[in-house]
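Please see the structure below; I have some questions.
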Amino acid sequence: MIPLLSLDGVSRIYRQRRGLLGRGVPLRAVDDISLSVAPGLTLGVVGESGCGKSTTGRLALGLETPDSGRVTFRGAVMPPPDGAEWRSQRRHLQLVPQDPLGALDRRLTVAAQIAEPLLIHGIGNRGEREDRLAALLNDVGLRADQAARYPHELSGGQRQRAVLARALATSPALLVCDEPVSALDVSIQAQVINMLTDLQAARGIAMIFISHDLKVVRQVSHEVAVMYLGRVVEQGDPDAIFADPLHPYARALVSAIPVPGPRRLPRIVLSGDPPNPADRPAGCAFHPRCSLATAQCRVEEPGLIARADGRRVACHRADELARASA
Amino acid sequence: MSGTVLPARAGRSAPPALVIAALVWITMILLIAVFADQLRPFGITALDLKARLLPPLGFGGTAQHLLGTDELGRDVLSRLIVSIRISLVIAFGATAIAAVLGTTLGFLAAHFRGWVEQVVLMLIDFQASMPFLILALAVLAFFGNSLPLFVTLMGLYGWERHARIARGLAIAANAQGYAAAIRQLGARPSRIYLRHVLPNIAATLIVAATLSFPEVVLLESGLSFLGLGVQPPMTSLGNMVGYGREYLTRAPWILLAPSAVIVLTTLCVSLLGDWLRDRLDPTLS
Amino acid sequence: MLRFLALRLVRAALTIALVVTFAFVVLRLSGDPAVIIMSPEAPAEAIAAFRKAWGLDQPIWIQYINYFGAILHGELGQSMRDGRPAIALVLERIPATLALTLPAFALKLCLGIPAGIQAALHRNSLTDRLVMAGAVAGFTVPSFVLGLLLVLLFAVTLGWLPSGGQDGWRSGILPVITLGLGGAGILARFTRSAMLEVLGQHYIRTASAKGVPWRAVVRNHALPNAAIPTVTVIGFMVGSLIAGAVVVESVFSWPGVGRLLIVAVANRDLAVVQCILLMVAGTMVTANFAVDLLYGLLDPRLRGAR
């Protein structure tokens, strides 16, 4: 199947300035990753904060240009940001941000902001836009009187619905959801997630779902990539990964999911310092926190290697671990 | 950064008495400026040679010339009314020019970053580190004086304050939040800045304008006092003070009336500006 | 710290370069210098010869570089009124101006800073209110109004002091007071808000909670920290020692640099105006640079990075 969007060996390096004239320290936010999204399906991206998952989302949207590698949408390389071509492409690629209040203009009504993409891209005449607005409100479950209010007058869940309606206004082919529910109450999280998956199924939208919450990712994703310090360490079918994670980091994450009843995996608590992307350890980036690290892990960086079950794992000891858990 | 975070409906506690008094004075001055032609009893160049250097009513003067007359028998009240209009028009025009210029440059710096921003920042530094009066005098020396040039020149005063604010808030809005979201929707920069960023920072910019307005009044009156601003036969508040200075010993009223208006107006606008700033945006200095 | 200083030096040089550019642009925009200096009735050959002699026939950017070079060599042209070098005219006026601005500067400091500190330490007291009222007045009463009011009171009505001119130390009293009062108000207001800001910080509360006597808290913790922003304003005032008296010198007919500037502007004596402009820019930039140095001494955080 031809992917809708693909990232091929993409890296993004920020220069951290030390002092005003200081030499920049390169910070590899995203380091040589390859991912793809098929039409109508969802790719989940998990990892702790600072692992580069948000940067991956911004690269996928074309909001940033990779320093190496390439991002292609429908087979064509992304145009450079802020050109006319880039602007008109925005209607196909939309973002659902983490903080809906920050993403909304507090001086305009929610309805005006949901309809704004239609104005920007010159879609429909006045009457058609009004019909479209009503349909969008209905889709996300907002009443017209709620939409006539200003952002701060709505609840967190309502704001998230409004932001979602705005992202859906131009009927995009791909939606990047960056921690879309992490700011919401757990009870509301489920509602928004269900609405998101329903709309996705009904409209055949592809999605990149970025989250640190593994349960949510498992619920929505058709494929999952686990990231650590700008790299993908394990990637594959969500059920396989969550049932039997191979990479020690993925194991630690999965073991931290609260489950009712006795645990199948022992709880693994990560030791050592949280990762700093500006000071990347040599060899396998995870080795300082890995209880299974060997001399090889400290010097040689493991590649992302495909396994028999279709999963890909970047760990020198993956074979041993697979045998042990089988 | 919190400058954009304005309460949509600020609490309705009444302003202090001093601010109300300031508002009353400002309103009065504005009405006088608008209806100057209807209010003035005489023309500003109308001579009454029989009534020269007449003191104001209550100091030996007559009801015909409430604030007295000058050396040529011109009515001080009439000249004062017209001076108020001219000084206010210049100050409003100049403040508006500075606000538009500064905001535009600030937005350009925030949008393009890189060398455009460096150039704008350098100009801001330059403007802030040179006494404006000296620059203005230099321009007037080289170009001579005309009213449009004078207003334009005054319009260069205080732009850096608007530029700093507009740049800072636009960068904050671009980095996270609504402006970034609108860009991501595919909007052109004109839409982002004019329809979204500008309304969000307008309150802060208006406060800044309120703070620089009295400074422009002082600058204009200072230059006019030195004889380098508004030229006769036109008259402005500073111009009247400069003229009245010649008659300080014989007819101090010529000078005192416009001086009082200058002081009261700058005082009232400053009070209002300080109050607005405390209410709307305590981060602004 | 060295990098910080180097950066400030570059900025100072850039500001001077901008002023020179400003003068050049304004000068060229205002008309053909050959015609202005030679007078329009001069014969065409004479004007052409003048252009050649002064390099005015060359492309504008070469003129710009020549102009820059001339200024770097201190060639600031001759006054068009009496043909003397502009720089000499300006220099001989500087003592008179400093005779006003230095005492006024001392007055500002002695009046403004203690008043601001007292107001901040006794917030909302009568002292505070009086200081703030005085500060607002210092800002809203233009110096020419204040000066003329003082003349009206002390010279015209009471006859105690001369109304103008430079005739003995008594004639300096009114201009110095006029200059000093306005500046003192601004300084008091600034010192007060800097102090209030510092007094609200955690370390002040921590120090007084530890039982450090309040006087010691103020002396050891509050004052040094409040000094940092106040130094900026003082720096600006040092920078305006030459330029700050333009209006007041005119009010009191004081023969200083400001008076010279006004006369030069009225007569369009461009060389003199340009010379004063550059001199003021030089003072301002030097003062700003000194402030930056002081900053480095007062605020250890600035020594390292920026």
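No value in this document is a laboratory result; all are computed from the given coordinates. Note that the structure is a prediction, hence the values are computed from the model and not measured. Here the Cβ positions follow ideal geometry from the backbone for every residue, glycine too, while neighbour counts run over all protein chains shown.
For chain C, just say rounded, prolate or oblate: build the C-alpha gyration tensor, square-root its eigenvalues into a ≥ b ≥ c, call rounded for a/c under 1.5, and beyond that prolate if a/b exceeds b/c, oblate if not.
On the way: a/c = 3.47, a/b = 1.57, b/c = 2.21.
Note, shape of chain C comes out oblate.
Okay, moving on. What is the fewest-to-most order of C:THR232, B:THR204, B:THR27, C:THR101 by other Cβ atoms lying within 10 Å of their Cβ?
B:THR27, C:THR232, B:THR204, C:THR101
Can I ask one more? Lys/Arg Cβ at +1, Asp/Glu Cβ at -1, dipole of the protein assembly as shown taken about the Cα centre: which of A:GLN160, C:GLY69, B:THR27 is farthest positive-ward?
A:GLN160
Let me ask something else about it. For peptide B:138-148, how many partner chain Cβ atoms fall within 10 Å of a residue's Cβ, on average?
Other-chain Cβ atoms within 10 Å of each residue's Cβ, averaged: 6.
Right, something else. If the elastic network links every pair of Cα atoms under 10 Å, which of B:LEU31, B:LEU218, B:LEU255 fluctuates the most in the Gaussian network model of chain B?
Ranking B:LEU31, B:LEU218, B:LEU255 by mean-square fluctuation puts B:LEU31 first.
Pairs of Cα atoms under 8 Å, at least six residues apart: use those to get the relative contact order of segment B:82-168, whole percent. All intermediate terms of the calculation are to be shown ahead of the outcome.
Values: 78 pairs, mean separation 51.0, N = 87.
The value is 59 percent.
Quick one: of the DSSP bridges fully inside chain A, what percent are antiparallel, nearest 5?
60 percent
How far is helix B:132-143 tilted off the main Cα axis of chain B, in degrees rounded to 10, range 0 to 90?
70 degrees
Moving to a separate point now. Farthest toward the dipole's positive end in the protein assembly as shown, which of C:MET284, B:TYR157, B:GLY227, given Cβ charges of +1 (Lys, Arg) and -1 (Asp, Glu) about the Cα centre?
C:MET284
For peptide C:264-273, what's the mean number of Cβ atoms from other chains within 10 Å of each residue's Cβ?
Mean inter-chain Cβ contacts per residue within 10 Å come to 4.
At 222 nm, what value in deg cm²/dmol follows for the protein assembly as shown if DSSP H runs of at least 4 each add -39500 (n - 2.57) and the sum is divided by all its residues, to the nearest 500?
On the way: 39 runs with 523 residues, N = 917.
Counting only the DSSP helices, I get -18000 deg cm²/dmol.
Excluding residues on the same chain fewer than 8 positions from A:LYS215, give the aspartates and glutamates whose Cα lies under 17 Å from its Cα.
Leaving aside aspartates and glutamates fewer than 8 places away in the same chain, those within reach of A:LYS215 are A:GLU48, A:ASP178, A:GLU179, A:ASP185, A:GLU223, A:GLU234, A:ASP237, A:ASP239, A:ASP244.
For the ranges A:48-59, C:204-215, what's the packing order if you count other beta-carbon atoms within 10 Å of each residue, average per peptide, and put the highest first?
The peptides rank, most packed first, as A:48-59, C:204-215.
Compute, for segment B:72-175, the length of the dipole vector about the Cα centre, with Cβ point charges of +1 (Lys, Arg) and -1 (Asp, Glu) only. Units Debye, rounded to 20.
200 debye
Which is farthest toward the positive dipole end of chain A among A:ILE33, A:ALA173, A:TYR14, measuring Cα position about the Cα centre, with Cβ charges +1 (Lys, Arg) and -1 (Asp, Glu)?
Of the options given, the answer is A:TYR14.
Relative contact order, percent, of chain B when contacts are C-alpha pairs under 8 Å separated by at least 6 residues?
With pairs under 8 Å counted, the relative contact order is 24 percent.
Take every DSSP beta bridge whose two residues both sit in the protein assembly as shown, then give the antiparallel share in percent to the nearest 5.
Antiparallel bridges make up about 60 percent of those DSSP assigns within the protein assembly as shown.
Can you give me the C-alpha center-to-center distance between segment B:60-129 and segment C:156-174, rounded to a whole angstrom?
The distance from the Cα centre of segment B:60-129 to that of segment C:156-174 comes to 33 Å.
Quick check for me: using +1 on Lys/Arg Cβ and -1 on Asp/Glu Cβ, what's the dipole size of segment B:17-284 about its Cα centre, in debye to the nearest 20?
It works out to roughly 560 debye.
Taking each residue in A:156-164, count the Cβ atoms of any other chain within 10 Å of its Cβ, then average. What number comes out?
0
How far is helix B:76-112 tilted, in degrees, relative to the longest principal axis of the Cα atoms in chain B, given as a value from 0 to 90 rounded to the nearest 10?
10 degrees
Give the angle, between 0 and 90 degrees and rounded to the nearest 10, that separates the Cα long axis of helix B:17-34 from the longest principal axis of the Cα atoms of chain B.
Once rounded, the angle reads 70 degrees.
Sticking with this structure for a sec: Please turn the phi angles of segment C:254-259 into ³J(HN,Hα) values with the Karplus equation 6.51 cos²θ - 1.76 cosθ + 1.60 (θ = phi - 60°), one per residue in order, whole Hz, x for glycine and proline.
So the J values, rounded to whole Hz, are 8, x, x, 5, x, 4.
Using the Cα centre of segment A:246-326 as the reference point, and only Cβ charges (+1 on K/R, -1 on D/E), how large is the resulting charge dipole? Debye, rounded to the nearest 20.
Charge dipole of segment A:246-326: 340 debye, to the nearest 20.
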